[in-house]
Amino acid sequence: MIIGVPAEVKNNENRIGLTPDSVKHLSGIGNEILVQDGAGTNIGFTNDLYINAGAKILKNAEEIYKSSEMIVKVKEPTPDEYRFLRSDLTLFTYLHLAGDPENAKKIIDTGVTGIAYETVTASDGSMPLLAPMSTIAGQLAFTVGSYHLLKFNKGKGVMIGHLENIEPRTVTVIGAGVAGTQSILKSVENKAFVQVVDSSEIKLNELRSTFGDENIKYILSTPESIRESISKSDLVIGSVYVVGKEAPKVVTKDMLSSMSPGTVMVDVSIDQGGCFETSKPTTHDNPTFIKDDIVHYCVTNMPGAVPLTATQALNKVTLPFIESLANKGISNALEEDEHLRNGLNIKDGLITHPGVKEALGS
């Protein structure tokens, strides 16, 4: 199969769909790999490394898309890339269609076959291609949240850390999936008082068995419990995810009035539309905005802040699926593997994933 790897075009997005090692593996089993000129340079993956791994370098995205049977990338296509999509092309990437219904329709109308990393499943019910980026985003959420609490960033001017005879600051994590659990871990490590809010009593009990009860509180999610929790918080991390669907708005606009000015909210769910009603997508260049005196951090490609680590972690989990699609052909690979088939979101101008279909009202 001819596999194309274009450069990513989102703001400060330096990840790339395939590492040189992945290219070497795929080309070694008979596939032709096309890489856009300079696509990996910013993380040390030079053209020469790709050439030595067996890839061919093409000068621009248009050539990559036109010459390929399958495109492997990281982020969903931007409007500038829609013109490259076509009905006989397969796109394997994060799609996040539910998070942007207007642009989702334009992508669907191209007829491209879209297999989304974020809805591929595993036999244990987990999301194996979403997990590594969620792990990174969950850890980064605490880091960027703490940074934006600094006074010159319009935050409260508090530090989340241990100081003798001073009460710990409070971090609330809403949604205790992969990302949320990583945020909890970082918060506990930094001696915060942590409030964990989740809709599953079972999940809360599992977390209690992991983290214990010292300086941590487990709260069943309701609008009232969320309002009370965030009113006492310095940092609020929202990491609510529903497979294929837009994230529910668990923090409403009116709840912000209960919070102290300078509180920081980090919306890890922003790729799926955000779990705060007041969220709107931001970039690494301009990551925050102030709404009702509350600092909002809503960067849509958080793991792009650590592109080398993120690219390596992503390739470890995507490569077996890419190999299957390339060696067996798209149709056969999807037919033989129900978990990969769960990744199929769109084909021939139609939405094929039930969750995405429900989210987009189609």
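The values are calculated or read from the model by the stated rules, or taken from the named source; none is laboratory data. Note that this is a predicted model, so its numbers are computed, not measured. A quick note on method: Cβ atoms are made from the backbone with ideal geometry, for glycine too, and the neighbour counts reach across all protein chains shown.
Below is a table of values for the structure above.
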item: Count of residues meeting criterion [small (Gly, Ala, Ser), out of contact with any Pro (no Cβ under 7 Å at 6 or more places or on another chain) and crowded, with 17+ Cβ neighbours inside 10 Å] in region 44-77; result: 2
item: Failed item in (1) surrounded by 22 or more Cβ atoms within 10 Å (Cβ to Cβ); (2) in contact with a strand residue (DSSP E or B) (Cβ under 6 Å, 6 or more places away or on another chain), with residue 138 passing the rest; result: (2)
item: Failed condition for residue 289, given (1) in contact (Cβ under 8 Å) with a residue 12 or more places away in the chain; (2) not in a loop (DSSP other than H, G, I, E, B); result: (1)
item: Residues satisfying the stated conditions in region 83-107, i.e. closer than 27 Å to residue 312 by Cα and more than 21 Å from the chain's Cα centre (by Cα); result: 84, 85, 89
item: Only listed residue being surrounded by fewer than 18 Cβ atoms within 10 Å (Cβ to Cβ) and either at pLDDT 95 or above or not assigned by TED's automatic domain parsing to the domain that holds residue 355 (or both), chosen from 93, 19, 113, 41; result: 41
item: Output for region 124-153, where each listed residue is among the aliphatic types (A, V, I, L, M) and in contact with a helix residue (DSSP H, G or I) (Cβ under 7 Å, 6 or more places away or on another chain); result: 127, 129, 130, 131, 133, 136, 137, 140, 141
item: Set 128, 101: member being in contact (Cβ under 8 Å) with a residue 40 or more places away in the chain, more than 16 Å from residue 346 (Cα to Cα), surrounded by fewer than 22 Cβ atoms within 10 Å (Cβ to Cβ) and of a type outside the set (A, V, I, L, M, F, W, C); result: 128
item: Some residue of region 285-296 being touching a Pro at 6+ places or on another chain (Cβ under 7 Å) and of a type outside the set (D, E, K, R); result: no
item: Hits in region 256-281 - residues which are buried (at least 24 other Cβ atoms within 10 Å of the Cβ) and under 19 Å from the mean Cα position of the chain (by Cα); result: 265, 266, 267, 268, 269, 270, 271, 272, 274, 275, 276
